[in-house]
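Asks: The following block contains the structure, expressed as structure tokens.
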Amino acid sequence: MKVLPLLALLPLSLAAQTPVPSGNYKANSLGNALELRFLPNGTYELIATSGEYVLKDKKILFQPQTSSFVVEKKQGDSQQLQITLKTPPRTGADPRYLYIGYENAKGEVEYVCVYNKIDSLENIEEKKDSNGETYYVLESFEVPRTANLYLVDAHQAAYSKNKEVSIQKFPIGKDTNAVEIAVLAGGNSFNLNGFYNPDKQTISVSEGNSSNAIVFSKPNDKPNPNQVPVASKENVSQWAHFIDFEKERDIPRYDPDKKAKEKTKAVVSVPKNLNAALASADKQSRLVVVFQQPDNSKAKAEFDDFFAKYKEDGSVSYNDDDDDNSPLYPYEFYLATAKDLKTLKAKGISAGNQVVLLDVAGNVLYSQPATISEVASDELFTSNENVARFSTIAMARALDKALSNPKLPVKELQNIFTTFLKKDSQRVYLLAKNRPEQKTGDSNEEEAFDYIAQEAEDYFSNLKNPKGIYQMQLTPEQAIAQWERVVNAHKKDTKLDPEYAFLLSLNNTESNYYYRIFNAEKPATTADIDAVAYLVKFADDIKAYNKKIEGNDDNYMGYNERLNKGIIEVRYGELSNQLDRIVFNDKKLFEPVKTVYKEGLKKNLFSADNYIDFLYENNVDEAAAYFSEYYKNLLQKDSNLIVALDKAFSEGDDENSWKYYKMRFANRANNIAWKVFEEHKQNPDKLNEAFQWSSSAVQLEPENSYYLDTFAHLLYARGEKQKALEIEEKAVKNLPKAEDGGDDEKSEIQTNFEKMKKGEI
């Protein structure tokens, strides 16, 4: 298909040059907050941005001066000033470079970085305005009330030598308790391209080489009286408040409660003995590092220096979630005495200078020969990466202890599974000694490559003693048995157990407990069905439970925030994938899975389309029977198939386009018709329905070679051989245009045509 350039599609009547009429144009996005003004003197203004423009062949060349913000007063419910930031897509507006300034009691302007005022970048909410244009909203935050608001976009300052920023002052009045700030661009200049449509009286503006344009049109409404204009602009070099994010250790985090948190949480001291170190680690959720240094004459001095630096610097953040439960200090450090040597020997620690990592129960997680100065030099316990690695080893040991104990109470099992599945970053499978063999390569090759073993070697490469790393002894059979204990304990539940449902919601197809532990696909069991059945059974209760936690707060919550609040995130589309996978791995489980699927359909948790696909893959007769009812119900909406499909589409399939919806239906109709043909060539009744479905597929996509091939075979089976031959010939002729299918499929259609001509079908 030849694609015409966009301009080639414009009517010829537009070829004559029409000047842009002066006046104001408003963007069809961000609630019309963006205003483009074309002035009679040949200049334009975009909110606070102004410059010159040149019109040539309907193309508009913008020569802007500055970027800006839009500030709009709102009515809040706080004694302070509530601030909400929003931005259109592709502006590059980065919270790290946005600063809010307010006047303190002395009249001085204090600045805070937006990045340090928000909890997480995951809390960004995507919205659409009344025109369907996308924009993004950061979580709201507060600053003291101020007569004037000072806004800074320091993006370009981050990459310039003089750190010059532009400070924009907005007189909002001290009585204002809420404002909405639209960030119009992520730098101090626009690179705009424009196109003028004189027929529609619109102007399309895009950034740089982007194909995505903002459309401006003349407004019919009066200007917004609450929009506050810029009062002044000041360029300041070497701005004192600028934070250099290239030096991340020096970033001051906005946290007024920091000192209070540190008093209660960031307590670290040298323990009196090993038992005290273990007890403190248990209380503070830390690991214990023991220095065994019998041959190091400088051990005491080295330890004192090491600990002093650790106490001063604290910990690095090693968790992507960076939740509030992460300790400021991940380790308790202890210098072993002569009395401790016997204890350490009993734990398998060799004689001489050693560094030993223990969990709170005193189990050895890692050890290596080293002096304290060598440990400090290697940054063994100060690098982000190693904190994460040691956390992974600790989790492997915890899983070993819990899941290898067949008598462990179910409640404790449930807790260890939940704790593990919430920590996405841990790669305990690298430590699984009994993981199923994961090798790739041709079976005829002498050696196949073990990628997991290589990954483990790379991941722990900066640990100098690989043999000192704890290896998880857990077997797949033990893990499955313990999971089944948890599931079976809840099979007879008559009311929702939120903690159990929360665990089940974490255990999805792509990242279930088994895959996370062993990096292998889990064998299908009835417990997997029971787990999905539980979430289906209590779907209404889960919804009500979540609503209680969420309350009436409309503020967007990111996924991690929702998990921390205990919200049960059940994605029922993903659950249908789980059911599909169960039967894929074990066909004998088809009937119990089907029962759960049907229950989910009754509650509108699963889609009819997915259920049809499920039946199609596993039982052609049931797929045909279900599709037959589906097809009849569809035609009850209208005898015209296209109209009926359009009505069905309008009733709720808002996730896909009409084109895709129609294509998906045609594909299902064709595939089921072909399956019926293959299995029931001698059954006229079954073939009649298949013929109708195939005819519908061809009606929707009359040039599709594969659909034509199916239709031709059904015609042939009905005795309409000449018509079948004509259709099959058309299928062959259309093959060069076919985008789907490989050479084998296309060759098969050619072969079918030859067989039909010979009467050999």
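Laboratory data are not the source of any read-out in this text; all were calculated from the coordinates shown. A quick note: this is a predicted structure, and the numbers were derived from the prediction, not measured. Here Cβ is always computed from backbone atoms with ideal geometry, including for glycine, and neighbour counts include all displayed protein chains.
Asks: Grab the Cα-Cα distance for D638 and A738, subtract it from 0.36 nm times how many residues apart they are, and report the gain in nm with one decimal.
Replies: 32.9 nm
Asks: Taking a virtual spin label 7 Å from the Cα of E617 along the C-beta vector, which residues in the stretch 481-514 bring their backbone nitrogen under 14 Å of it?
Replies: Label zone hits: 509-510.
Asks: Hey, fewest Cβ within 10 Å first, where do S694, S377 land in order?
Replies: S377, S694
Asks: Let me ask something additional. Measure up K522/K587; K537/K598; K311/K342; K730/K755; K543/K602; K411/K588 against 21 Å on the Cα-Cα distance and list the ones that go over.
Replies: K311/K342; K411/K588
Asks: Okay, next question. Taking a cut-off of 24 Å, what percent of all Cα-Cα pairs in the stretch 410-588 are separated by more than that? Display every interim value, and only then the final one.
Replies: Working: 7383 of 15931 pairs.
Of all Cα-Cα pairs in the stretch 410-588, 46 percent lie more than 24 Å apart.
Asks: Arrange the peptides 668-676, 334-342 so that the one whose residues have, on average, the most other Cβ atoms within 10 Å appears first.
Replies: By packing density, highest mean first, the sequence is 668-676, 334-342.
Asks: What does the highest-first list of 747-760, 704-717, 598-611 look like by mean Cβ count within 10 Å?
Replies: Highest to lowest by the protection proxy: 704-717, 598-611, 747-760.
Asks: Among Q699, N619, G719, which residue has its Cα furthest toward the positive end of the charge dipole of the stretch 613-758, with +1 on Lys/Arg Cβ and -1 on Asp/Glu Cβ?
Replies: In the stretch 613-758, that residue is G719.
Asks: Something else: Mind ranking 624-631, 488-495, 395-402 by how tightly packed they are, going by the mean number of other C-beta atoms within 10 angstrom, highest first? Working shown, then result.
Replies: Details: 624-631: 18.4, 488-495: 11.4, 395-402: 21.2.
The densest-packed peptide leads the list: 395-402, 624-631, 488-495.
Asks: Roughly how many nanometres apart are two label points built 7 Å out from the Cα toward the Cβ at A279 and A240?
Replies: 5.0 nm
Asks: What Kirkwood Rh does the stretch 581-681 have if only Cα atoms enter the pairwise 1/r average? Answer in Å. Before the final figure, lay out the partial values.
Replies: Numbers: mean 1/r = 0.0683 Å⁻¹.
Value: 14.6 Å, from the Cα pair sum.
Asks: Here's a follow-up. With Rg and the Kirkwood Rh both taken from Cα atoms, where does Rg over Rh land for the stretch 641-761?
Replies: 1.00
Asks: Let me ask you something else. What does the extension gain come out to for K587 and K169, with contour length at 0.36 nm per residue minus their alpha carbon separation?
Replies: Result for the pair: 143.6 nm of gain on full extension.
Asks: I'd like the FRET efficiency for S350 and K411, computed as 1/(1 + (r/R0)^6) with the beta carbon distance as r and R0 of 25 Å, rounded to 0.05. Before the final figure, lay out each step's value.
Replies: Values: r = 39 Å, r/R0 = 1.56.
Computed FRET efficiency for S350 and K411 comes out at 0.05.
Asks: For L81, enumerate residues with amide H under 5 Å from its amide H, sequence gap 5+ or separate chain, H modeled in the peptide plane.
Replies: So L81 has HN proximity to V143, R145.
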